[in-house]
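First the structure, in the form of structure tokens, and then the observations on it.
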Amino acid sequence: MIVGYLRARKSGPSLDHQRQMLREAGFLFETGEELLFIDEPNVETRQLAPKHLPEREAMLTKVKNGDTIVVPDYATLALSETDWLSVLGFISGRGASLRIVEPERHYEWSDIVMPAIREISNSALSVGAALRAEQTASARKAREETGRRGGRPSAAETYGERWDQAVALWKDPNGGTGREISEATGVPLGTLKRELKSMAKARAASTSGSK
């Protein structure tokens, strides 16, 4: 059986254009011998995932040994390189073949090759999961070390001894104004106010009370 798949995309061929690409390749989907699955996800979705493509999932579940899946191009079928490997592994595992219209490619697998494709697919998913976990852990560690979301360096890390000097002067009611402290230490006034907000309020109250 011939099984076609189309997907609405923010960029790239429209659904009508995709359908025309299949027609020009000889696939009309006008008989019971051919099935056509079409996904129309919200193209404004920040990052599409397989869960947003229920028709693709239905297609992959339905195909069987000897079937041929036909798609207009690579980007219609896959969301990323890792997703491509996953889909490829699934198709080969079902014993189906895959035809890409543009550029023209036809993927068929022997009983010897299919296990290798599935293994490569699984390893790609494992690598992707491991890398994401590592990136998440790294970002979390950076936030914990700096106390800032996104890993931004703290003022103490950026200015070193100058920051310690600025803090000491800021705590001292006679240490000068914020601008004077900034000029004396080289720590930007905005940084002083942002980093020492609560201290600034206490200092302002103290200065006001001494007048």
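The values are calculated or read from the model by the stated rules, or taken from the named source; none is laboratory data. Keep in mind that this is a model prediction, so the values were computed, not measured. For neighbour counting, all protein chains shown are included, and Cβ atoms are generated from backbone atoms with ideal geometry for every residue, glycine included.
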Going by what's in this entry, would Phe37 be described as part of a loop (DSSP other than H, G, I, E, B) and within 17 Å of Leu98 (Cα to Cα)? no
Among the residues listed as Gly32, Gly26, Gly12, the single one being part of a loop (DSSP other than H, G, I, E, B) and either modelled with pLDDT of 85 or more or of a type in the set (Val, Ile, Thr) (or both): Gly26
Considering only residues that are among the small types (Gly, Ala, Ser) and over 26 Å from the mean Cα position of the chain (by Cα), which ones fall in the stretch 21-53? Ala25, Gly26, Gly32
Among the residues of the stretch 47-59, are any of a type in the set (A, V, I, L, M) and outside any loop (DSSP other than H, G, I, E, B)? yes
Qualifying position, being touching a helix residue (DSSP H, G or I) at 6+ places or on another chain (Cβ under 9 Å) and either at pLDDT 85 or above or of a type in the set (S, T, N, Q) (or both), among Pro50, Pro54: Pro50
When the residues of the stretch 97-109 are filtered to those that are touching a Phe, Trp or Tyr at 6+ places or on another chain (Cβ under 9 Å) and surrounded by 16 or more Cβ atoms within 10 Å (Cβ to Cβ), which remaining residue is farthest from Ile38 (Cα to Cα)? Ser97
Among the residues that make up the stretch 74-82, is at least one of them among the β-branched types (Val, Ile, Thr), part of a loop (DSSP other than H, G, I, E, B) and in contact (Cβ under 8 Å) with a residue 12 or more places away in the chain? no
Output the qualifying pairs, or none if there are none: Cβ atoms under 6 angstrom, residues six or more apart or on different chains, first residue in the stretch 156-170 and in the same structural domain as Lys193 (by TED's automatic domain parsing) and free of Cβ contacts under 8 Å to residues at least 12 places away in the same chain, second residue surrounded by 15 or more Cβ atoms within 10 Å (Cβ to Cβ) and not in a helix (DSSP H, G or I). none
Can you pull out the residues in the stretch 57-89 that are small (Gly, Ala, Ser) and surrounded by fewer than 17 Cβ atoms within 10 Å (Cβ to Cβ)? Ala58, Gly66, Ala75, Ser80
